[in-house]
Amino acid sequence: MYLLNINGNTYEIEQDKKLMDYLRDDLHLTSVKNGCNEGACGACSILVDGKVVKSCVMKVSKFAGKEIITVEGLTEREKDVYSYAFGKAGAVQCGFCIPGMVISAKCLIDKNDNPTKDDVKKAIKNNICRCTGYVKIEEAILLAAEILRNNQDLPEVDYTVKIGMDIFRVDSKDKTLGKAKYADDYHYDDILYGKNVFSGYARAKVLSVDISDALIMPGVAAVFTAKDIPGNRYIGHLAHDWPGMIDVGEQTKCIGDTIAMVVAESREQAEEAVKAVKVEYEVLQPVTTVEEAMTPGAHQVHSEGYTMFGKFIVPENNLYSHQEMKRGDAETALADSKYVAEGTFEVPATEHAFLEPETAIGIPDNDGITVITGGQGIYDEYNEISEYLGIPREKVRIQSAVVGGGFGGKEDMSVQHQAALCAYLIKRPVKVSFSRQESINYHPKRHAMKMHFKIGCDENGIFRGMKARIVSDTGAYGSLGGPVLQRACTHAGGPYNYQNVDIEGNAYYTNNPPAGAFRGFGVTQSAFAIECLINELAEKSGLSGWEIRYKNAIRTGQSLPNGQMADNGTGMAETLEAVKDDFEKYEKDPNYHVGIACAMKNAGLGVSVPDPGRCNLFISNGKVYARSSAGAIGQGIQTVLMQIICETTALTGDKVVVEHPDTKFAPDAGTTTASRQTTFTGEAARIASLQLKAEIEKGNSLESLEGTEFIGEFDFKTDPLGSPKSNPVSHISYGYATQLVVIDSEGKLHKVIAAHDVGRAINPKAARGQIEGGIAMSLGYGLTEDFPIKDGVPQVKFGTLGLFKATQMPDVEIHLIEKNNLNGVAYGAKGLGEIVVIPGAPACQNAYYKKDGIFRYKLPLQNTFYKK
């Protein structure tokens, strides 16, 4: 028996379990988050006798007689101050890390109520945030300290909401205080726990599966295998090549493959029963490189074939996708070029490292199923779970919990279909969660690529043509590997005005963990290659990196390498102009080295793919309920929708409620991907709001419109890749960016200056937060993050991924360029979520080249201040 003092209350505990598990599972203190369960992320932080402690690493016996405080135990004054400060600063994005940040902030401020910025950085150095880039979290903590130090009153709530205002995010308070419910925060009295029996090998033939010992273990309710799946065993957004479970006689394709699902009364019992499932394997040699995969006679990872868009496909030489973009005569243009830069670049797979590991809960619903999920597209799950269970779609309901980050890594199914299956078969609620290591092993990564690029210019530095060959490792399953490769190719030319391009790309299956969508969606990879070579070309032609880009920057009325004409809202040159003075200042300063890179990124799926955004407004009890399936993963789409609705209708924010995605009520707005939701679903919200506005202008009150629903839908017709048109429209719009990375004489990051063409900033503070977070992610991609794989098995833990910390983050200066038509689609806003991660890595490469003269071709960059 152990006595614990938690938030001023005394509790008796018999079982010596991990403190985090007791706080979450027994007391339901949801501010304590299970981010990694290995003491590396800080999401589970609590105060113990005034010191920050990670509750996931020690058992309750270590805390007997000590005073424990979670965010729930803060005083009302502290709750008000921290929720105000974090909301005011724009520090809350996905929110999963924020309660842990508040605990670290309280520990600091209790001891030092007038901290410096460096004090704050040190205080949160063990708290990882993958969304914000720490800048706004630091500002929030300094603001909280000021308010508490001076005993300041908090301002009254102002419900005025318009576009261009820095309003608080709609969910910032609940996320700050740990009240927002992520999937693992849902509890039911009769809930069971499901755990996957994962393959122990990347490639092995399953000879037998013996579940008999597991079935008789304490608490075990069922063990399911491939033969228990009632519907289509193969899932996938595009290619249905991903088996929910591997059957006896079949080969595993990666380390994350599931052999069986164990369901038990407790998580611990399920984990023990997993160990009792006996799987006999014939271990086989995996295909682990694209070179091996494409070799004639190599093992064919998907020799049995799969279906995609209703067509049965058997890949040859493990080729999953071929993409190309050709315009003009690149060979002649390169031959006629005065200067040419050429090189082969290599970038690794990358882990998303969202702070919330995957969890889903299946709940029986008569003869159907409801699933609470934390994914990026509830209608993808709706369709795939229907097929997996073999039941009509109308018997499936998907409800989105709050989502703790995604970045593309939660587009594919992971735990959702297994939770649905177990609950559907056993007729009780079932929660299925990944441990952090299971998440690292299983969900799709950013694609590793090898890329050969060549670009030429004339004697004046004007680009003449370029040629590229890209090879991508899509891993064991296709996922979004085709579209990712396509985007790598369509953007390989960069945001410049020339048309002689010859670009081809191939994506190959291997037995490595699958690769799929990741913020930047292939452009992070190809932009690294082309931007590095443009800097080399600048040097050869006697121009600075800024000058050569300014000469070639795409401008209104010109055409991009893909042929699309630049519209009136094109702000590429303006992003360069915004950083010109800083570039020249640091170029002249012998104590610093400045790297430069640019980028463009599309909004929307484009290339002729249907891409509707949808948002309906339902009037109830004198309020407007905005309903859309647009996934809120930290980027702030719910707040964007509120601002667009209020701007259009002139309603105040207290009259608008933005609901969580739910297939029962919300129309299908597509997946949160491709920087599309602000543009497409934002415009849909504007369309619905115009209908409501017309009713208000007729003199109708919200009360008189009770039960009325206004329907908003928006799509934009685009041309397919390879269209014969002279100037095809590939996408509705492009965002543009220029970033400078400044390092000091030691090679340590000094400052990042970022100028982004955002069209129209719906919420400027949130836009800046997106940019700061993307910069942190891109600096990690360029300097510290790696994902080594051996025999198809990741050789990393969360704590060894190389994620950027607050103490590593340099100062960031941001310029928002707003040039778009203010009365256009979504009030002129462009997608911002992805472009922010693209220019950082090549800008880092350029800065280090200027420091030591070494031209680096691989990421993460070697022999720097950050990686030896």
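Compute the separation of the alpha-carbon centres of the stretch 648-664 and the stretch 110-174 and state it in Å as a whole number.
If we compute the Cα centre of each part, the gap is 25 Å.
Provide the packing ranking of 300-311, 685-696, i.e. peptides ordered by the mean count of other C-beta atoms within 10 Å per residue, highest first.
Ranking, from highest mean packing down: 685-696, 300-311.
Where nothing but the Cβ of Lys and Arg (+1) and of Asp and Glu (-1) is charged, how large is the charge dipole of the chain around its Cα centre, in debye to the nearest 20?
Result for the chain is approximately 1080 debye, rounded to the nearest 20.
Asn602: net charge of surrounding residues, Cβ under 12 Å, Lys/Arg +1, Asp/Glu -1, itself excluded? Provide the component values of the computation, followed by the final result.
Values: positive: Arg487, Lys601, Arg676, Lys830; negative: Asp611, Glu834.
That works out to +2.
Provide the packing ranking of 709-718, 140-149, 824-833, i.e. peptides ordered by the mean count of other C-beta atoms within 10 Å per residue, highest first. It would help to have the intermediate numbers written out before the result.
Working: 709-718: 18.8, 140-149: 21.1, 824-833: 25.5.
With the highest mean Cβ count within 10 Å placed first, the list reads 824-833, 140-149, 709-718.
Taking the Cα centre of the stretch 613-714 as origin and charging only Cβ (+1 Lys, Arg; -1 Asp, Glu), how large is the dipole, in debye to the nearest 20?
Value, rounded to 20: 160 debye.
Order of 270-278, 121-129 by packing, highest average Cβ count within 10 Å first?
So the peptides 270-278, 121-129, ranked by packing, come out 121-129, 270-278.
With runs of 4+ DSSP H residues as the only contributors, calculate the mean residue ellipticity of the chain at 222 nm using -39,500 (n - 2.57) per run, divided by the residue total and rounded to the nearest 500. Intermediate results must be reported in sequence, preceding the final value.
Working: 20 runs with 229 residues, N = 868.
Helices in the chain give a 222 nm mean residue ellipticity of -8000 deg cm²/dmol.
DSSP loop trypsin sites (Lys or Arg not before Pro) in the stretch 418-512 with at most 10 other Cβ atoms within 10 Å of their Cβ, which ones?
Listed in order of number, the matching sites are Lys427.
What is the sum of charges, Lys and Arg at +1 and Asp and Glu at -1, for the other residues whose Cβ falls under 15 Å from the Cβ of Ile69? Don't skip to the end; give the middle numbers.
Working: positive: Lys51, Lys54, Lys66, Arg77, Lys79, Lys106, Lys111; negative: Asp49, Glu67, Glu72, Glu76, Glu78, Asp110.
Net charge in that neighbourhood comes out at +1.
Which one of Tyr592, Gly406, Ile645 has its Cα pushed farthest toward the positive end of the charge dipole of the chain, where Lys and Arg give +1 and Asp and Glu give -1 at the Cβ?
Tyr592
What base-10 log of the normalised intensity I(q)/I(0) is obtained for the stretch 684-739 from the Debye formula, alpha carbons as equal point scatterers, at q = 0.16, 0.24, 0.27 Å⁻¹?
Scattering profile of the stretch 684-739, log10 relative to I(0): -0.68, -0.96, -1.07.
What shape does the stretch 803-868 take by its C-alpha gyration tensor, where a ≥ b ≥ c are the square roots of the eigenvalues and a/c under 1.5 counts as rounded, a/b above b/c as prolate, and the rest as oblate?
Prolate shape, in that a/c is at least 1.5 and a/b is the bigger ratio.
Quick one: go through the stretch 737-770 and flag any residue whose amide nitrogen is under 11 Å from the point 7 Å out along the Cα-to-Cβ line of Lys117.
Answer for this model: 751-752.
Which listed residue (Met1, Leu537, Met777) has the Cα farthest towards the positive end of the charge dipole for the chain, taking +1 on Lys and Arg C-beta and -1 on Asp and Glu C-beta about the Cα centre?
Leu537
Any idea how far the Cα center of the stretch 270-338 sits from the one of the stretch 551-577, in Å?
What the calculation gives is 36 Å, centre to centre.
Please order Met165, Met101, Met1, Met777 by the number of other Cβ within 10 Å, starting at the fewest. Spell out each step's value before the answer.
On the way: Met165 18, Met101 31, Met1 8, Met777 28.
Exposure proxy ranking, most exposed first: Met1, Met165, Met777, Met101.
Which one, Ser745, Phe309, Thr176, is farthest towards the positive end of the dipole of the chain when Lys and Arg carry +1 and Asp and Glu -1 on their Cβ?
Ranked along the dipole, the leading option is Ser745.
Mean Kyte-Doolittle hydropathy of -1.0 or higher plus an axial Cα length of 15 Å or more: which whole DSSP H helices in the chain meet both?
Length and hydropathy pass: 98-111, 135-149, 378-389, 416-426, 523-540, 637-649, 677-697, 764-783.
With Cβ to Cβ distances under 11 Å as the rule, what net charge do the other residues near Thr738 carry (K, R +1; D, E -1)? All intermediate terms of the calculation are to be shown ahead of the outcome.
Details: positive: Arg549, Lys580; negative: Glu531, Glu574, Glu577, Asp582, Asp757.
Around Thr738, the charge tally is -3.
At a 10 Å Cβ-Cβ cut-off, how would you order Leu4, Leu421, fewest neighbours first?
Leu4, Leu421
Taking the structure as given and computing Kirkwood radius over Cα pairs in Å, which label from (i) 27.7; (ii) 29.0; (iii) 32.8 fits?
Computed from these coordinates, Kirkwood radius over Cα pairs in Å corresponds to label (i).
Could you work out Rg/(2.2 N^0.38 Å) for the stretch 613-714, with Rg from alpha carbons only?
Scaled against compact globular proteins, the figure is 0.98.
Mind grabbing the base-10 log of I(q)/I(0) for the stretch 1-159 at q = 0.13, 0.18 Å⁻¹? Debye formula, identical points on the C-alpha positions, no solvent, two decimal places.
Log-scaled intensity ratios, in q order: -0.59, -1.06.
Computed from the coordinates by the stated procedures, all read-outs in this text should not be read as laboratory data. As the structure is a prediction and not an experimental result, all values here were calculated from the model. Glycine gets a Cβ as well: all are built from the backbone with ideal geometry, and neighbour counts include every protein chain shown.
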